[in-house]
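Heads up: the structure comes next, in structure tokens.
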């Protein structure tokens, strides 16, 4: 007998529970077959009426001619009329590090000091954050948890979003060191708007470009010394900061440089040339202007917030929406993030959808939040697409997941585990639907 | 010969120790030396004023005043004659906007903007029986702190000024200005009028008090001060002595000068003037040329500064990238401003104010003239207009009998390049600006006596000090004159190949400036060290001196005039006006050129899916006709021969999007200086130069409700806009709209995010409730007091006086009288509930709860209260009070029966409000039609404009959007956004405009680079930062060039 899982099942129980009862799923036991699906594999392919076979947490088969055995010991998910996607990956996030941004006590995201390569975001990741489940509800199954900082902020880790603790959550630990570049731009000094504008140019004597470049140079000097340190067979004194960048120097870690302006991007390219690091630009709002250089040096880009205003008054009003297409055209590997601190990342797919409205194909836009992201973070061998051998990180949506008009996630697997898509918001919704008897007269009430 | 004798007198007459005023009450330390200062200036070309020139004029001066002036008047007995043959005389200039002789300012003020991180100072720090606000200082008198400062005076005199109006530039009401001359005499004698003017501005200056913390607060404070001063005339006992209000009343009879400093501020000031029966004289900024018609409509006389922006160094494309088109265009067009005022016939004066140094004045004025300002207008703006404007034309401004002997003597017509300002006479006292060098021009016989006998040369001295010296051969020579002293050197011409003329004999050096320019300095040509060097004194037509020859032998020499030089004026060829780019409205990218401004059209959209928001619902394959700015018809097979037909096949038409909660297009948003600031009005400080207006049109928004921020419980009056991009501040306003006001509850008004804690009441939600109770209790008492007064004031025997009019309480009474509606920033259920209970107790309704993220918890109560609700689709967890916010909120409230809107509160999200509405289908399952209403008809209802906008119904405003796709889809783009039948956003045209922007940027970058290469001064590239106002509620980042207006300094 097939067990048909209808997506509404998980919602239809009137379990008025707190989120505390949303339990991480147990490991996959029975094989799962997702059938009759429109499968967007994440690598550009679309399979109509396709089947995915999942066993032991892995994708064992995908295609439109996969036989489904008659067995009581399998689970079959009929996804007729639905769209199936790889689990979305949020490439930069303070998830689990910031619960409520205005409340200082709930912030564990920015350590004191300019040079913190040894700081690890993973160890502070709160796997019980209320935000996590709201992301899963929109198809986000993994997030790269990133420390913030003044300059060298520490290492990020990719977590999967169904875990009892951070150790369980870690999908890839300490994958990248994050550096926030100085702005390399003059800022007006003093005064504010509304009362006649500000006081004019930067106070004389300070040159933010030069100061910023000096600061960046100091990090290069640090890496040079770290390199020399690691060339020594033994050390009289252990230097934790040098130890922390070992992976960066031997390409086991990537360098994520947060920056937007062309000058910042050019300064970042130096690190590829001198240290041969794997460089990823985070932010990159001006990246389209140097796309050919980025391509030449194999630098990838995480566009942090396509839903943003143009940088300059003179810019095309839709420039931030079009930047992704410009990078695609230039052949730059890029990914899309959703850095919005009011919605906490839940609109990731819609940021990609906007890029699709302004020049990307839908499958390219999907790749920007799945496979490209996995490549950039360095986990494409395990996830990011619906391909045989990869972890079964899979999302089922009623319609096009890139469009809020049709996106409605009804089913999701993380490493083959069927996760509970309940979240705090759904529970509060149920609670007050009860209060106002909004479901009275509806079926199943 | 005679000429030279007189010139001698001319040169010697002006040493200042020869003249001084006697002050009878001041004891003399020595022997009295009374003088009359009796002079006759003869044979001058005398410009009495811009429109009257007398040739062969005589000007007779005595005791510092002009006795008479006319052509060929005889020299009176007892007067010293000063021959001004070949000289020109002008009235010296008057500057109405000086700070001359005022104490140095200490700018301790907080500038502008409410600051969540700073502790408020709620009371004035000024000691004494003055008013409540530190920025209202009408009691300050410039004369009281005036002390002459000859260094300042000298630079002004060198620029041609004789009289200035000076005041203390500090505060919103700044007290009185004093009219003083620039003579270097005791203060008693130079003060012409001790209270000559009263001064105002929008800047709180050195005030450390929190209120006002916004432009609109400054406006309200000034308006309230007018009302209070009027009320104070009746000496209300309750006020005691208030010297500020007393002085404010006294100052009102003086000429009123308002430092506005910006085109929109000029209009704001003028409106205050209109309200209180005052015509301000407006001190302008540099951008008034951008709205010259509006400037004219003020009927004001303007005081124009000449500090034109310098070219920026944009050679590095990285730097150029962040310099906006608007800034570059402003650089190019700013010098046209004065000419624009002249052309438009707007009266104006010129000032040295705002220049880095007064010495730049002549150059700046010349620039204004290059860009079209006529000489006549320039002179008038520097003399008669300021004199008349200040009502002191009986003293200064022209050269007429009875006026002060304040005049300039120049070598030629005033504004010509070669003309030099020789003397600036002030109150009959001569101030030498430059010795009269031009008068030595002529041909001389030079005799040099050395060991070898006497050598004879012929010396020709030309204008500018160029010399030709020859005996048998032409020699290389160089002459310099410093006052009476002369230096001259010569040598045989060195052998070198050089075409034409004699080196040094005819220098190509051009004068460096007009009047006040540098004198004869070093020539570029260097003489050999072995040159013969002579020095001596000029003594009229003969010069005598000594020197050394090339071998070091001593020499003596004499030179005698053979023939005096002819005076030549510049050939008055009018140069072509510089070519500049066209003005756009606004002067920003995507601004309209004058002839491209969009106009209302008859538009027929055919065969589209039409979302009517009426009982017809969604009509497939239907037409919409817009005519005369209104929707004329909706249906199938419409036609109109006059219409421009737009094919809507496969596309969707919806009503224009209405954003219930926005903070764009305003100069200030938060008046946080007090917990109740209902007197402030967003509408007082609209900013039509916000590119976000255009950006939001691109997202289908046609109407935005601009709210006060959330810094305090009772914020300010809001303003509803129609996004008529390119219009002025009045054009933007939604016409005939009942006003609203912003209230706020919770964390922001408690200043929970302040790192220093909070000293401003309230600090809890308990206190927030009490602020509301208190405010409305006061409002009701006030309402009653006025009612009683109005009822009784006509009755016989009534002796009461009118209550004090209070703008703050006026707005609250409007709420009680249902003439003004509340939109209340609120989050958690306790505060929502309390706000309704206070309202019910006080007899008003909370019209709209905005944000209202816990609205779903008390939806039934809000329904019962009669409130509307406006919320975000999916924001949460950015602060404690939104911990329980859920995206199902809107749907629950809608299902309970509330009218729900989805708003932006964010300039970026406002461009995607259709998509935000779509999320309410996703989260909570409302129908698509109901979702669209949440950004169209529903906000129209809560703004009480649903009779005009929000649905497609014949007779309603022609505010619509043509979408490329289903309007709730992420793939939908606005093809046309139409307001009042006028296409303000056209996606095809937008693409064209982007190309034009690129071309215009390229042109201007090249022009700036050219300026740099030509050696003109440039400044480093200045990134064009934009200020953005927010609710101060959440932390959206808007990019590299945006500065949050609430950001800490």
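The values are calculated or read from the model by the stated rules, or taken from the named source; none is laboratory data. Note that the structure is predicted; figures quoted are calculated from it, not measured. Here the Cβ is made from the backbone with ideal geometry for all residues, glycine too, and neighbour counts use every protein chain on show.
General remarks:
- Within the stretch A:182-203, one or more residues are more than 12 Å from chain B (Cβ to nearest Cβ) and either at pLDDT 95 or above or in a strand (DSSP E or B) (or both).
- In the stretch A:318-338, of all residues being crowded, with 24+ Cβ neighbours inside 10 Å and part of a loop (DSSP other than H, G, I, E, B), the one that is farthest from the other protein chains (Cβ to nearest Cβ) corresponds to A:332.
- Considering residues of the stretch A:339-351 that are touching a strand residue (DSSP E or B) at 6+ places or on another chain (Cβ under 7 Å) and part of a helix (DSSP H, G or I) only, the residue farthest from the other protein chains (Cβ to nearest Cβ): A:348
- Scanning the stretch A:261-290 for residues that are over 11 Å from residue A:181 (Cβ atoms) and part of a helix (DSSP H, G or I) turns up A:262, A:269, A:270, A:272, A:273, A:274, A:275, A:287, A:288, A:289, A:290.
- Restricting the search to strands (runs of 3 or more DSSP E) fully inside the stretch A:25-76 and requiring at least 3 residues that are over 23 Å from residue A:372 (Cα atoms) gives A:32-40, A:46-55.
- The stretch A:68-106, residues that are touching a strand residue (DSSP E or B) at 6+ places or on another chain (Cβ under 8 Å) and at pLDDT below 95: A:101
- For the stretch B:795-815, a residue qualifies if it is part of a helix (DSSP H, G or I), over 16 Å from residue B:771 (Cβ atoms) and in contact with a helix residue (DSSP H, G or I) (Cβ under 6 Å, 6 or more places away or on another chain), and the qualifying residues are B:807, B:813.
- The stretch B:941-975, residues that are buried (at least 24 other Cβ atoms within 10 Å of the Cβ), in contact with a helix residue (DSSP H, G or I) (Cβ under 9 Å, 6 or more places away or on another chain) and either under 23 Å from residue B:819 (Cα atoms) or within 13 Å of another protein chain (Cβ to nearest Cβ) (or both): B:949, B:950, B:963, B:967, B:968, B:970, B:972, B:974
- Search result, residues across the stretch A:85-115 that are more than 14 Å from chain B (Cβ to nearest Cβ) and buried (at least 23 other Cβ atoms within 10 Å of the Cβ): A:85, A:86, A:87, A:88, A:89, A:90, A:91
- Hits in the stretch B:859-893 - residues which are more than 7 Å from chain A (Cβ to nearest Cβ), assigned to a loop (DSSP other than H, G, I, E, B) and either surrounded by 23 or more Cβ atoms within 10 Å (Cβ to Cβ) or at pLDDT below 95 (or both): B:867, B:872, B:873, B:876, B:885
- Applying the condition of being touching a helix residue (DSSP H, G or I) at 6+ places or on another chain (Cβ under 8 Å) and within 14 Å of chain A (Cβ to nearest Cβ) to the stretch B:266-280 and asking which residue is nearest to residue B:98 (Cα to Cα) yields B:266.
- No other residue among B:183, B:178, B:173, B:142 is within 25 Å of the chain's Cα centre (by Cα), surrounded by 24 or more Cβ atoms within 10 Å (Cβ to Cβ) and in contact (Cβ under 8 Å) with a residue 60 or more places away in the chain apart from B:173.
- Residue count for the stretch A:304-346, restricted to those that are touching a residue at least 40 places away in the same chain (Cβ under 8 Å), under 19 Å from the mean Cα position of the chain (by Cα) and on the phi < 0 side of the Ramachandran plot: 16
- Among the residues of the stretch B:584-622, those identified as assigned to a loop (DSSP other than H, G, I, E, B) and within 14 Å of chain A (Cβ to nearest Cβ) are B:586, B:587, B:588, B:589, B:590, B:591.
- 1 or more residues in contact with a helix residue (DSSP H, G or I) (Cβ under 6 Å, 6 or more places away or on another chain) and touching a residue at least 24 places away in the same chain (Cβ under 8 Å): qualifying strands (runs of 3 or more DSSP E) within the stretch B:44-109: B:80-83, B:93-98
- Checklist (1) in contact (Cβ under 8 Å) with a residue 60 or more places away in the chain; (2) crowded, with 21+ Cβ neighbours inside 10 Å; (3) within 29 Å of residue A:187 (Cα to Cα) applied to residue B:349, failing item: (3)
- Failed item, numbered, when residue A:299 is tested on (1) in contact with a helix residue (DSSP H, G or I) (Cβ under 8 Å, 6 or more places away or on another chain); (2) at positive phi: (2)
- Of the residues making up the stretch A:271-291, none is modelled with pLDDT of 95 or more, more than 18 Å from residue A:312 (Cβ to Cβ), within 14 Å of chain B (Cβ to nearest Cβ) and in contact with a helix residue (DSSP H, G or I) (Cβ under 7 Å, 6 or more places away or on another chain).
- Scan of the stretch A:358-379 for residues that are surrounded by fewer than 24 Cβ atoms within 10 Å (Cβ to Cβ) and either at the interface with chain B (Cβ under 9 Å from one of its Cβ atoms) or in contact with a helix residue (DSSP H, G or I) (Cβ under 7 Å, 6 or more places away or on another chain) (or both), ordered by number: A:358, A:359, A:362, A:364
- Filtered by the rule that a residue be surrounded by 24 or more Cβ atoms within 10 Å (Cβ to Cβ) and either in a strand (DSSP E or B) or in contact with a helix residue (DSSP H, G or I) (Cβ under 7 Å, 6 or more places away or on another chain) (or both), the stretch B:723-741 gives B:723, B:725, B:729, B:740, B:741.
- For residue B:929, the criteria (1) within 10 Å of chain A (Cβ to nearest Cβ); (2) in a helix (DSSP H, G or I); (3) farther than 23 Å from residue B:710 by Cβ hold in every case but one, which is (1).
- Per-region count, the stretch B:301-319, residues under 30 Å from residue A:289 (Cα atoms) and part of a strand (DSSP E or B): 3
- Among all positions in the stretch B:976-992, there is at least one residue which is touching a helix residue (DSSP H, G or I) at 6+ places or on another chain (Cβ under 7 Å) and closer than 14 Å to residue B:653 by Cα.
- Helices (runs of 4 or more DSSP H) (entirely within the stretch B:163-259) containing at least 3 residues that are away from every other protein chain (no Cβ under 14 Å) and either more than 18 Å from residue B:103 (Cβ to Cβ) or in contact with a helix residue (DSSP H, G or I) (Cβ under 6 Å, 6 or more places away or on another chain) (or both): B:215-232, B:243-251
- The one condition in (1) more than 21 Å from residue B:844 (Cβ to Cβ); (2) more than 39 Å from the chain's Cα centre (by Cα) that residue B:804 fails to fulfil: (2)
- Selection status of residue B:919, within 7 Å of chain A (Cβ to nearest Cβ) and in contact with a strand residue (DSSP E or B) (Cβ under 9 Å, 6 or more places away or on another chain): yes
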